[in-house]
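For reference, the structure is listed below as structure tokens.
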Amino acid sequence: ILLALAPHHVASFGFATNSVRLGRSTLFSINEANNNEPAHFSPEELLAMTKEYINNPSPDWWSDDEFVFRGPIIGPLVKKDLMATLGANEDLKKAFPDLQSNSFGFTADDPIEPNRVWFFVRPRGTFKGAFKFPGNGQVIEPTGAPYIGPPEVRSIVFNAKGKIKYQTVGYVADRFTGDTTGGRGAIFGQYAVMGQEIDGNPGAFSTVFLQKLSEYLPNFPKSYSKREDLPDWWKDERMGAEL
């Protein structure tokens, strides 16, 4: 259950740009490859592409060989693994049939990464339908509880072909706005509303342990892809909730 990502979040799904790891051989900025690329599109084109993706989400937008999905404790996930995870969590659309991401604040003015679009979401919805957990089949009956998510920062990086190379979600900007998720972003907010509170803090021992354990459990969606499946441009060694 730590691995799930709602289909509603695909398009409206941070990540610290400087990722220095002590005790590991890789010491550099994770976005170095993105920083070194020239602008592929005008800011106006980037904004239009992002909004089109959000309004019409589809894996067709994702680059086949470059795409990486990352959240604070989920990912890195490549295209095939994210598609499998989304498919395993199809019931979330039934559990929150009125889910709205409420995207706003789009900007393509990043002075460091010219191909990156940043924006915010303030999700709202209601737990109206039964939800079956992927993997174990446990069913949680709806309670009618409101889903009021905190404001959250998300981003998208486009490659030269107009495909999405990198997508980030789940970075809560303010956890004191009166949400019903305990300050949790993305899918972890929905789980909290359903009574399944998961520690969404990077470095949380229980989360890291369960993510490692899930690698050996059949039928569970992935929290992150295998290292050998990640594209060459992705250099950060941290997996899932690891610090």
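Measuring with a 1.4 angstrom probe and ignoring ligands and nucleic acids, THR180 comes out at about 50 Å² accessible. Across ASP64, ASP236, ASP179, ASP199, the residue with the most accessible area heads the list, and the full order at a 1.4 Å probe is ASP64, ASP199, ASP179, ASP236. The share of accessible area on the chain that comes from carbon and sulfur is 53 percent, using a 1.4 angstrom probe. Overall, the stretch 178-243 carries a charge dipole of about 80 debye about its Cα centre when +1 sits on the Cβ of Lys and Arg and -1 on the Cβ of Asp and Glu, all other atoms neutral. If the chain linking ALA160 and PHE104 were pulled fully straight, counting 0.36 nm for each residue of separation and taking away their Cα-Cα distance, it would gain 17.7 nm.
Estimated at the nearest 10 Å², the accessible area of LEU47 is 40 Å² with a 1.4 Å probe. Residues ARG175, ARG122, ARG116, sorted by accessible area with the largest first, give ARG175, ARG122, ARG116 [1.4 Å probe; ligands and nucleic acids excluded]. The figure for TRP234 is an accessible area of roughly 20 square angstrom, using a 1.4 Å probe on the protein chains alone.
Taking Cβ atoms as reference points and 12 Å as the exclusive limit, the residues near PRO114 contribute a net charge of -4, counting Lys and Arg as +1 and Asp and Glu as -1. Taking other residues whose beta carbon is less than 13 angstrom from the beta carbon of PRO59, and scoring Lys, Arg as +1 and Asp, Glu as -1, yields 0.
In this rough spin-label picture, where each label sits 7 Å from Cα along the Cβ direction, the ARG227-ARG124 distance is 4.5 nm.
Using a 1.4 angstrom probe with every protein chain in place, what is the largest-first accessible-area order of LYS163, LYS94?
LYS94, LYS163
For a test of the definition: using alpha carbon positions, the gyration tensor, and the 1.5 limit on a/c, classify the stretch 28-101 as rounded, prolate or oblate. It comes out oblate by the Cα gyration axes. For the stretch 96-153, a crude dipole built from +1 on the beta carbon of Lys and Arg and -1 on the beta carbon of Asp and Glu, taken about the Cα centre, is about 260 debye to the nearest 20. Note on the chain: Cα Rg divided by 2.2 N^0.38 Å, N the number of residues, gives 0.96. Take the Cα of LYS235, step 7 Å toward its Cβ, do the same at MET83, and the gap between the two points is 3.0 nm. By the Stokes-Einstein formula, at 1.002 mPa s and 20 °C, the stretch 130-231 with its Kirkwood radius over alpha-carbon pairs has D equal to 135 µm²/s. Looking at the chain, the accessible area is 45 square angstrom per residue; that uses a 1.4 Å probe and ignores ligands, DNA and RNA.
By the rule of a C-alpha distance below 24 Å, with chain neighbours fewer than 8 residues away ignored, the lysines paired with LYS235 are LYS79, LYS80, LYS161, LYS163, LYS165, LYS212, LYS222, LYS226. Remark: the ASN36-LEU243 segment gains 72.0 nm on full extension, using 0.36 nm per residue and subtracting the alpha carbon distance. Charge dipole of the chain (Cα centre as origin; +1 on each Lys and Arg Cβ, -1 on each Asp and Glu Cβ, all else neutral): 460 debye, rounded to the nearest 20.
A Förster radius of 25 Å combined with the Cβ-Cβ distance from GLU215 to GLN138 puts the calculated FRET efficiency at roughly 0.80. Placing unit charges on the Cβ atoms of the charged side chains and taking the dipole of the chain about its Cα centre, the candidate lying farthest along the positive direction among PRO38, PRO146, ALA186 is PRO146.
The values are calculated or read from the model by the stated rules, or taken from the named source; none is laboratory data. Quick caveat, the model's predicted, so the values are computed rather than measured. Here Cβ is always computed from backbone atoms with ideal geometry, including for glycine, and neighbour counts include all displayed protein chains. Note: areas computed on protein heavy atoms with side chains; ligands, DNA, RNA excluded. Shrake-Rupley method; radii C 1.70, N 1.55, O 1.52, S 1.80 Å.
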